[in-house]
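Reviewing the structure listed below.
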């Protein structure tokens, strides 16, 4: 399965819905999408990972890169994920301390700190 | 001899194929269903690292994956042909991109976090990551 990406605006947040597999082959597409959003002035991003079947360290690298970009503009990057096998990768790498991880898009959009 | 051997051109699009084959052979070998996600991720990380080493080193040789069924274990070996210098010899700015180094280390961090039994070796002819998981004999799963 390939990577699917769609974006929508909710208030001042931009929600990026990601589906499929984020790996060394598909991660560049996600990177391009995040870079484009930031370049267009969207600094508060919510990445919805509920449709993601697979995530590896390349994907983590892209998310960390996205976080660095939005932070440069005093923005935010929040994740939505309830899948244990995806959450496990964030825990192993210590990135649960870096990303705010929410259980729903509504919760992520409403979050302020 | 390996149960299944795979050689693929060092291109990102083939890493997924390696993951799928490894998971299928691991399942057949009796690796617990709950662990198959870890096998898939670990072999993907090892192959991603090998592809990146081949690409950055301009190496045209394929990446090798050996899937080995043993009596009570299942092993995966991922081999690359990128020659290494000792870590201490790596000079910053000597052509090795720092971002590549970071991603390489993140991949290894994921592997060592996921797999209890892992050996990483590297020499002048390339590197090898060997990962081993226990298997459950078929008859034991019936009880």
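Points to keep in mind about this one:
- Peptide A:53-61, shielding by other chains (average Cβ, 10 Å cutoff): 6
- Averaged over the residues of peptide B:39-45, the number of Cβ atoms from other protein chains lying within 10 Å of each residue's Cβ is 4.
- Sorting A:89-101, B:51-63 by average packing, meaning the other beta carbons within 10 Å per residue, from highest down gives B:51-63, A:89-101.
- Note on the protein assembly as shown: Kirkwood hydrodynamic radius from all Cα pairs is 19.4 Å, rounded to one decimal.
- Helical mean residue ellipticity (222 nm; -39500 (n - 2.57) per DSSP H run of 4+; nearest 500) of the protein assembly as shown: -12500 deg cm²/dmol
- Shape index of the range A:1-108: Rg/Rh, with Rg the Cα radius of gyration and Rh the Kirkwood radius from the inverse mean 1/r over Cα pairs, equals 0.92.
- Efficiency of FRET between residue A:8 and residue B:32 - r from beta-carbon atoms, R0 45 angstrom, step 0.05: 0.70
- Per-residue mean of C-beta atoms belonging to partner chains within 10 Å, peptide A:77-86: 1
Read the figures in this text as sums done on the coordinates, not as results from a lab. Since we're looking at a predicted model, the values are computed, not measured. Cβ coordinates were reconstructed from backbone atoms using ideal geometry, including for glycine residues, and neighbour counts include every protein chain displayed.
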